[in-house]
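> Got a structure for you, written out below as structure tokens; questions coming shortly.
Just so you know, all these numbers are worked out from the coordinates, no wet-lab data involved. Because the structure is predicted, anything quoted here is derived from the model rather than measured. Here the Cβ positions follow ideal geometry from the backbone for every residue, glycine too, while neighbour counts run over all protein chains shown.
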Ligand code: SAH
């Protein structure tokens, strides 16, 4: 679902305290709320196509995110056993309920009022359909891909820029953590272009419908979603830097150390936390001296491709804050702790525990053994990331 204006999710205080329902013309039931990505499909052909492309079976349970007034919902209800419609705006919830009231479709509809992203999980289903509110494009996909048993198929409408990110390949300007995840956990196909005139009110940008088919059962990679995604978060935190640089960051090493200690305690491996006296050199010196793990501090403009990627990155529409806010939460926490320490006037010299040095050496070993140290995230394909993750696991290093 395209955006109408640059808006942050949660910027609105909530459905109950915004403007009261208001008739905005003879055909409008009320004013559509752009903060909620409310752009209703007015072309029935597109609603038909979305449902058709899901190839629903009469036994299917469908989840629809954002039914609005029910344009897609009624069509899905005709084809499926049940539709669970999740709607944030109670006014819309009332509309879709009213639309099927007194018809045989009514008993097949289950309405859940709420924010799909705040739900602990998307309800188990065979198909997911949505004219997706632009603010939740990225979190919705991540939420679906992380389901232990994802749906067989998802047919989703997104703003065009976002849809392009889904199908981006290594080296493409729009290649991102999202692109790697989608293509690792699912196959993704562009279905059709949808012009803005098909919506009411018309959004500012064009849209695309995509079909995503998550790998299910034995086809699903036998890896924890959070592990693979955790690695990608680190790698794509600065996608134009080498992986060696990405893994030289203090906060990343601290995370690896923290998780390594958990791994050790779960596996009864003794941890040596004693301080190494001659390691009392500052971090940069360790990074340079430690097994040739020199820090890649090069400017992003050090080669032509970097420029290209940079330009395109700045052109990325902030369609959802989660994806744009590339700094993982643990970075923020660790950085905050670090800042607090600096404020407390900790001496610049930084003694290292033995376990910290072990972890650093392990990270270095993995990057060298996989021959990925000098590669940049934007050039790595999913096999590179998988190889890297398995090598880290071999060393007892985890990311979630
Ligand atoms: N499916 C309808 C309406 C699409 S507009 C059609 O195509 O005509 C998007 C809908 O998603 C709106 O009804 C909006 O209120 C709802 N919505 C927005 N954010 C949501 C969220 N986080 N969770 C559930 N529904 C949401």
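> Express as a percent, rounded to the nearest 5, the fraction of DSSP beta bridges in the range 34-220 (both residues included) that run antiparallel.
The antiparallel proportion sits near 45 percent.
> Also, quick follow-up: Residues in the range 384-400, backbone N under 17 Å from the label point at residue 258 (7 Å along the Cα-to-beta-carbon vector): list them, ranges by number please.
Residues 397-400 qualify, since their backbone N sits under 17 Å from the label point.
> Now for a different question. State the Cα centre-to-centre distance between the range 59-88 and the range 164-190 in whole Å.
If you average the Cα positions of each part, the centres end up 27 Å apart.
> Take 381, 60 and order them by how many other Cβ atoms sit within 10 Å, fewest up front.
381, 60
> At a 10 Å Cβ-Cβ cut-off, how would you order 146, 187, 248, fewest neighbours first?
The most exposed by this proxy come first: 187, 146, 248.
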